[in-house]
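Participant: Pasting a structure here, questions to come.
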Amino acid sequence: MRPILMKGHERPLTFLKYNRDGDLLFSCAKDHTPTVWFADNGERLGTYRGHNGAVWCCDVSRDSMRLITGSADQSVKLWNVQTGEQLYSFNFGSPARAVDLAVGDKLAVITTDPFMDSPSAIHVKQISRDPSDQTGESVLTIKGPQGRINRAVWGPLNKTIISAGEDAVVRIWDSETGKLLKESDKESGHKKTITALSKSTDGSHFLTGSLDKSAKLWDARTLTLIKTYVTERPVNAVAMSPLLDHVVLGGGQDASNVTTTDHRAGKFEAKFFDKILQEEIGGVKGHFGPINALAFNPDGKSFSSGGEDGYVRLHHFDSDYFNIKI
Amino acid sequence: MADVMLMKEIETTADRLGIDLATVDLDSISLPPGQDFGIVSDDEDVLQGGDNPELDIGFGNIIIVDNLPVVPREKFDKLEGVIRKIYSQIGVIKEDGLWMPIDPETQKTLGYCFIEFNSPLEAELAREKTNGYKLDRSHIFAVNMFDEFDTFMKVPDKWAPPEFTPYTSGENLQHWLTDEKARDQFVIRAGSDTEVLWNDARQLKPEPVYKRAFWTESFVQWSPLGTYLATVHRQGAAVWGGASTFNRLMRYAHPQVKLVDFSPGERYLVTYSSHEPSNPRDANRVVINIFDVRTGKVMRDFKGSADDFAIGGTGGVAGVAWPVFRWAGGKEDKYFARIGKNIISVYETETFSLIDKKSLKVENVVDFCWSPTDPILALFVPELGDHPARVSLMQIPSKDELRQKNLFSVSDCKMYWQSNGDYLAVKVDRYTKTKKSTYTGFELFRVRERDIPIEVFELENKNDKIIAFAWEPKGHRFAVIHGDNPRPDISFYSMRSANNTDKVKKLTTLKGKQANALFWSPTGRFVILAGLKGFNGQLEFYNVDELETMATAEHFMATDIEWDPTGRYVATAVTSVHEMENGFNIWSFNGKLLYRILKDHFFQFLWRPRPPSFLSPEKEEEIAKNLKKYSKKYEAEDQDVSMLLSEQDREKRRMLKEEWEKWLNEWKRLHEEEKLERQTLRDGEVSDEEEEYEAKEVEVEEILDVSEEVLSFEE
């Protein structure tokens, strides 16, 4: 499994996303241009120019026609995937942190950071089929949680919104009324900032990663805590294999401490865990900075990681990987 | 102040109430305390801004001096002058702070007086210093704190016989030694929790014994034989122990105690505290108490300024070398000693006083240490003027010098006793001829042999820097890490040689090792060559009998290594000096990693010590000879456990898998149920099989051109 190194970003990676077919990989970084790559050989297809700040998150529509990106320049932009043309820009009064398209791609959930006087918020926007009909109005705005909301995703059937962030609490909201439905338990839940959240393919469960050096698996409907994976590092990124019962955690210490320690001390490894037994099964080394983003190809046969070092590493699994026996 | 009423308003209000303002003395009105009727005083914000003023509450700063001469009026002033003179040396007496009552009938003083000082601290000091002060033969001061007087008055006049409580036998404090699986305990401190655990190496995990949050305020410490666990609190120290759990057995009051130390036989506990002086120019005030562990009684206390205790040695708290008092070896706890300026004070525990009522005079002594088993002191005196430096062995209590060795051009000296007290190694750093650098040699004392022969021992390359030195416990070998390059060499030597020529024999040298510390197994034979700190936790498990490496391993960033008291297991720990990797690993003696536990904010790992074995050396040898016979039983047990373990493991996995299946089925069911709804959300797109991907190769045939040609057919 010789990884393909993809050097296209000048600054640390923030997010990675495969399209549904698994042939395209979208990457976001703190430089201002989201990039699309061939997921097979790592060739760069193109960039989306227009943002004026770090891009924190993106999502791509089911038909791979539209890309939505959230940026620290206080805007969320819609793009034509094929041409790279900017279709629309939602403007906010504070940096956008997370974006997620709903089933059917008619709605998008966007979170914004606390900034100046405004607290953090979750916004729901209508996405029109025809970009000329697109408006910037919010269908719903939810406020309440303290601190940044690092991720917000749609629950099953778009009925709920699942959010997680700096206050270490996972929350489920009603996507119609904005009412808080469920909150994760303080005792069993995360103890520090939740940095990552990744849904299973069928949306039935999701994995959260936190700076408390653990990742947790939750039921998306009942918010029942199912599994906990404990590691030695703060977790910045998580991903679940769609094929095998594996989860991958990536992380490392704070970027500000990286220079003070040995590269081994940093342990910038993507750690594989058995999803059911919660045991570590292996690790993939290579980055020389903490891992900030992880994504599995929807076919489960490759995954990519993005690091603070500015590289995207694309790993195609060897055949032995599919025969691991514990 | 906007709220201030105008005088006019006051007058009208007074009129209305029918009060003649002229008759009211405004100054005599005082408001109830804490009430200002909304009128803010000009002084108030001044008070609120600063700290609350110190109030003279109680009589803590007043002392009563008793047993004064009874004098008539004429001599009153003279006596007062004398008292003033004595007490104003100690503290500042308040104005009108000295009051000597006079008997109205006899017009004579009553033989006592009250003195009020500026602060309770001064009063305390005055009481301490002058209680028992001899003014003359018949007038010996009895000084008491005023606050304590009540308690003294309450003492009943009639003596009542104390009630005898019937004897109840205590718990077996050494119950942990009777563990069926012969496991060892250890204590760990992480975050606010302190936990005692069994090291269950067979099960590859620790088994909890007792856990408590905020058990101690700074650290915990086992007593040397493992009976007690000492905790440290603001009010004093406490010891814990018991058969099944940890109960508090005794408390030792000592405010702000900082350090504790047990005597080797754990009969006595030494506690230490250091207090900020009231006058910042003075050194800290040091209080040391020696308690009897079982009764909790203070056997002796020492008080003084930190300077008195800071002679010789280095490190410790605020310049005081800890332990201040070093105990002579052996379980009897007979002697303890401390070093002072040009003296060594040796005390004995029968009376808790100096041996022969005087300290040992040793000019310019800087360091001493006891033999771990015998009452023998090893002293080091550096060079002074014409006198050479000197190391000598002294027998206590006779104070006979057993052996002495003069040394020249010495820069520093360190003494290492072998654990049985058989040998003493003195590491001597000497100046080279140019005095610009130093080199190191050793003086080896064979303490058990007649006349204590001394051997001078130098490394082959005597310019090598010595990084570490360690005796084999209970053995005759020692190991030295030496060398100047980043990968030093390690050499092993034996004090015995084949033909008994009393010469140190070199066993082997290991070249270029990543090691800076030596950790011998408590039973000898095995040693861990560890590269801590700069070497990132390299470990090499070495067998000195066979002179071979058993295993090499790494505990990344390890800071501490400790062998269990039986020498079967080793713990390596990363304590919170680093932020990352905190936790500990347990290894078998031969370097197999058994289990690892990660804990954030990990502070301490301590094995519970075991008392020495009751078996005689002959008996031990016999057991070692027939080891096969004994070990059979344990091997069988080991196998049973490992069978059970794998069985349990399988069972656990099966359970987890089943549980997971349940979730999966539930999710599948719900997913199926929601299928239609999802379709509508997607505007009727049927393809819902997100999971099922099939890469189909589709061959498309396109007809580009059709042309007909008639070919002639020839017959």
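Participant: Would you say B:LYS696 is at pLDDT 85 or above and within 14 Å of chain A (Cβ to nearest Cβ)?
Facilitator: Values: at pLDDT 85 or above: no; within 14 Å of chain A (Cβ to nearest Cβ): yes.
No.
Participant: Any idea which residue in region A:223-234 is farthest from the other protein chains (Cβ to nearest Cβ), counting only those that are closer than 25 Å to A:ASN297 by Cβ and in contact (Cβ under 8 Å) with a residue 24 or more places away in the chain? Talk me through it step by step, then tell me what you get.
Facilitator: The first filter runs over region A:223-234 and keeps only residues closer than 25 Å to A:ASN297 by Cβ, leaving A:226-227, A:229, A:231, A:233.
Next cut, in contact (Cβ under 8 Å) with a residue 24 or more places away in the chain only: A:227, A:229, A:231, A:233.
On the way: A:LYS227: 9, A:TYR229: 13, A:THR231: 9, A:ARG233: 8 Å.
Checking each candidate, the answer is A:TYR229.
Yes/no matrix, rows are residues, columns are (1) open to solvent by less than 40 Å² (accessible area, probe 1.4 Å); (2) at pLDDT 90 or above; (3) farther than 26 Å from B:ASN543 by Cβ:
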{"residue": "B:PHE408", "(1), (2), (3)": "no, no, yes"}
{"residue": "B:TYR416", "(1), (2), (3)": "no, yes, no"}
{"residue": "B:SER437", "(1), (2), (3)": "no, no, yes"}
{"residue": "B:PHE445", "(1), (2), (3)": "yes, yes, yes"}
{"residue": "B:ARG450", "(1), (2), (3)": "no, no, yes"}
{"residue": "B:LEU459", "(1), (2), (3)": "yes, no, no"}
{"residue": "B:ALA470", "(1), (2), (3)": "yes, yes, no"}
{"residue": "B:ILE481", "(1), (2), (3)": "yes, yes, no"}
{"residue": "B:PRO486", "(1), (2), (3)": "no, no, no"}
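Participant: A follow-up question, please. Can you list residue pairs whose Cβ atoms sit under 8 Å apart, with the first residue in region A:150-178 being within 14 Å of chain B (Cβ to nearest Cβ) and outside any strand (DSSP E or B) and the second being open to solvent by 10 Å² or more (accessible area, probe 1.4 Å) and hydroxyl-bearing (Ser, Thr, Tyr)? Count only pairs 6 or more apart in sequence or on different chains.
Facilitator: A:GLY155/A:SER175; A:ASN158/A:SER175; A:LYS159/A:SER175; A:SER175/A:THR160
Participant: I've got another one for you. Anything in region A:102-118 that is within 19 Å of the chain's Cα centre (by Cα), farther than 13 Å from A:ARG129 by Cα and of a type in the set (A, V, I, L, M)? List them, or say none.
Facilitator: A:ALA102, A:VAL103, A:VAL109, A:ILE110
Participant: Tally the residues that are under 23 Å from A:SER305 (Cβ atoms) and in contact with a helix residue (DSSP H, G or I) (Cβ under 9 Å, 6 or more places away or on another chain), restricting the search to region A:175-202.
Facilitator: Applying the first criterion (under 23 Å from A:SER305 (Cβ atoms)) to region A:175-202 yields A:190, A:192-201.
Those still in the list that are in contact with a helix residue (DSSP H, G or I) (Cβ under 9 Å, 6 or more places away or on another chain) too: A:200.
Going through region A:175-202 one residue at a time, the tally reaches 1.
Participant: Of all residues in region B:166-206, which are over 30 Å from B:ASP640 (Cβ atoms) and within 23 Å of the chain's Cα centre (by Cα)?
Facilitator: Step one: filter region B:166-206 for residues over 30 Å from B:ASP640 (Cβ atoms), giving B:166-171, B:173, B:189-194.
Residues satisfying the conditions are B:LEU173, B:ARG189, B:ALA190, B:GLY191, B:SER192, B:ASP193, B:THR194.
Participant: Same structure again: Could you tell me whether B:GLY81 is modelled with pLDDT of 85 or more, within 56 Å of the chain's Cα centre (by Cα) and small (Gly, Ala, Ser)? Walk me through it before giving the result.
Facilitator: Working: modelled with pLDDT of 85 or more: yes; within 56 Å of the chain's Cα centre (by Cα): yes; small (Gly, Ala, Ser): yes.
When the stated conditions are applied, B:GLY81 passes them.
Participant: OK, next. Would you tally the residues in region A:240-250 being under 25 Å from A:TRP56 (Cα atoms) and within 9 Å of chain B (Cβ to nearest Cβ)?
Facilitator: 1
Participant: Also: Hey, B:THR552 hits all of (1) away from every other protein chain (no Cβ under 14 Å); (2) open to solvent by 20 Å² or more (accessible area, probe 1.4 Å); (3) part of a strand (DSSP E or B); (4) within 27 Å of B:THR178 (Cβ to Cβ) but one; which does it fall short on?
Facilitator: Unmet condition: (4).
Participant: From the residues in region A:283-311 that are out of contact with any strand residue (DSSP E or B) (no Cβ under 8 Å at 6 or more places or on another chain) and under 14 Å from A:GLY22 (Cα atoms), which one is farthest from the other protein chains (Cβ to nearest Cβ)?
Facilitator: Among residues in region A:283-311 that are out of contact with any strand residue (DSSP E or B) (no Cβ under 8 Å at 6 or more places or on another chain) and under 14 Å from A:GLY22 (Cα atoms), the one farthest from the other protein chains (Cβ to nearest Cβ) is A:GLY300.
Participant: Go through (1) modelled with pLDDT of 90 or more; (2) assigned to a loop (DSSP other than H, G, I, E, B); (3) open to solvent by less than 70 Å² (accessible area, probe 1.4 Å) one by one and return the number of the condition A:GLY136 breaks.
Facilitator: A:GLY136 satisfies every listed condition except (1).
Participant: Same structure again: Are there any pairs with C-beta distances below 7 angstrom linking a residue in region A:1-26 that is open to solvent by 40 Å² or more (accessible area, probe 1.4 Å) to a residue that is of a type in the set (Val, Ile, Thr), with the two at least 6 apart or on different chains, and if so which?
Facilitator: Note: pairs meeting the criteria are A:LYS17/A:VAL60.
Participant: Look at B:LYS632 and say whether it is within 28 Å of B:LYS205 (Cβ to Cβ), within 14 Å of chain A (Cβ to nearest Cβ) and in a helix (DSSP H, G or I).
Facilitator: no
Participant: Test B:ILE83 against the criterion of being touching a strand residue (DSSP E or B) at 6+ places or on another chain (Cβ under 7 Å) and within 29 Å of B:GLY304 (Cβ to Cβ), and give yes or no.
Facilitator: yes
Participant: Counting just the residues of region A:93-107 that are within 14 Å of chain B (Cβ to nearest Cβ) and assigned to a strand (DSSP E or B), which one comes out most open to solvent (accessible area, probe 1.4 Å)?
Facilitator: This residue is A:LEU107.
Participant: Could we say that A:ALA220 is within 11 Å of chain B (Cβ to nearest Cβ) and open to solvent by less than 20 Å² (accessible area, probe 1.4 Å) here?
Facilitator: Here the answer is yes, as A:ALA220 does meet what is asked.
Participant: Of these, B:LEU670, B:LEU645, which one is more than 14 Å from chain A (Cβ to nearest Cβ) and within 26 Å of A:THR228 (Cβ to Cβ)? Walk me through it before giving the result.
Facilitator: On the way: B:LEU670 fails: more than 14 Å from chain A (Cβ to nearest Cβ).
Step by step, each of B:LEU670, B:LEU645 is checked, and only B:LEU645 is more than 14 Å from chain A (Cβ to nearest Cβ) and within 26 Å of A:THR228 (Cβ to Cβ).
Participant: Related question: Here is a list: A:ALA215, A:ALA237. Which entry is touching a Phe, Trp or Tyr at 6+ places or on another chain (Cβ under 6 Å), more than 14 Å from every other protein chain (Cβ to nearest Cβ) and crowded, with 23+ Cβ neighbours inside 10 Å?
Facilitator: Testing whether each residue is touching a Phe, Trp or Tyr at 6+ places or on another chain (Cβ under 6 Å), more than 14 Å from every other protein chain (Cβ to nearest Cβ) and crowded, with 23+ Cβ neighbours inside 10 Å leaves just A:ALA215.
Participant: Any residue at all in region B:572-590 that is more than 12 Å from chain A (Cβ to nearest Cβ), within 17 Å of B:TRP520 (Cα to Cα) and under 19 Å from the mean Cα position of the chain (by Cα)? Talk me through it step by step, then tell me what you get.
Facilitator: Let us first name the residues in region B:572-590 that are more than 12 Å from chain A (Cβ to nearest Cβ), namely B:572-573, B:575-577, B:584-590.
Those left that are additionally within 17 Å of B:TRP520 (Cα to Cα): B:572-573, B:586-590.
If we keep only those that are under 19 Å from the mean Cα position of the chain (by Cα) as well, we get B:572-573.
There is at least one residue in region B:572-590 that is more than 12 Å from chain A (Cβ to nearest Cβ), within 17 Å of B:TRP520 (Cα to Cα) and under 19 Å from the mean Cα position of the chain (by Cα).
Participant: So in region B:94-122, with the set limited to residues that are touching a helix residue (DSSP H, G or I) at 6+ places or on another chain (Cβ under 6 Å) and more than 14 Å from B:ASP66 (Cβ to Cβ), which one is surrounded by the most Cβ atoms within 10 Å (Cβ to Cβ)?
Facilitator: Ranking the qualifying residues of region B:94-122, first place goes to B:PHE117.
Participant: So for region B:147-154 (the condition being open to solvent by 70 Å² or more (accessible area, probe 1.4 Å), over 30 Å from B:PRO120 (Cα atoms) and assigned to a loop (DSSP other than H, G, I, E, B)), does at least one residue qualify?
Facilitator: no
Participant: So how many residues does region B:213-251 have that are under 24 Å from B:GLY330 (Cα atoms), assigned to a loop (DSSP other than H, G, I, E, B) and out of contact with any Gly (no Cβ under 7 Å at 6 or more places or on another chain)?
Facilitator: The qualifying residues number 4.
Participant: For region A:60-77, which positions are away from chain B (no Cβ under 14 Å) and open to solvent by less than 10 Å² (accessible area, probe 1.4 Å)?
Facilitator: A:LEU67, A:ILE68, A:THR69, A:GLY70, A:SER71, A:SER75, A:VAL76
Participant: Still on this structure, please answer the following. Give me the pairs: first residue in region A:104-118 and among the acidic types (Asp, Glu), second residue open to solvent by 10 Å² or more (accessible area, probe 1.4 Å), beta-carbon distance under 6 Å, and six or more apart or on different chains, which are they?
Facilitator: Matching pairs, first to second residue: A:ASP105/A:ARG62; A:ASP113/A:PRO95; A:ASP113/A:ARG97; A:ASP113/A:ARG148.
Participant: In region A:194-206, what residues are within 11 Å of A:ARG151 (Cβ to Cβ), open to solvent by 10 Å² or more (accessible area, probe 1.4 Å) and either within 14 Å of chain B (Cβ to nearest Cβ) or in a loop (DSSP other than H, G, I, E, B) (or both)?
Facilitator: A:LYS199 - this is the single residue of region A:194-206 that is within 11 Å of A:ARG151 (Cβ to Cβ), open to solvent by 10 Å² or more (accessible area, probe 1.4 Å) and either within 14 Å of chain B (Cβ to nearest Cβ) or in a loop (DSSP other than H, G, I, E, B) (or both).
Participant: I'd like the residue in region B:528-549 that is away from chain A (no Cβ under 14 Å), surrounded by fewer than 19 Cβ atoms within 10 Å (Cβ to Cβ) and touching a strand residue (DSSP E or B) at 6+ places or on another chain (Cβ under 9 Å) and, out of all such residues, is nearest to B:GLY475 (Cα to Cα).
Facilitator: Looking at residues that are away from chain A (no Cβ under 14 Å), surrounded by fewer than 19 Cβ atoms within 10 Å (Cβ to Cβ) and touching a strand residue (DSSP E or B) at 6+ places or on another chain (Cβ under 9 Å), I get B:ASP545.
The values are calculated or read from the model by the stated rules, or taken from the named source; none is laboratory data. It should be emphasised that the depicted structure is a prediction, and the values quoted were computed from it without experimental measurement. Positions of Cβ are generated from backbone atoms using ideal geometry, with glycine treated the same way; all protein chains shown enter the neighbour counts. These accessible areas exclude ligands, DNA and RNA; they are computed on the full protein's heavy atoms, side chains included. Shrake-Rupley method; radii C 1.70, N 1.55, O 1.52, S 1.80 Å.
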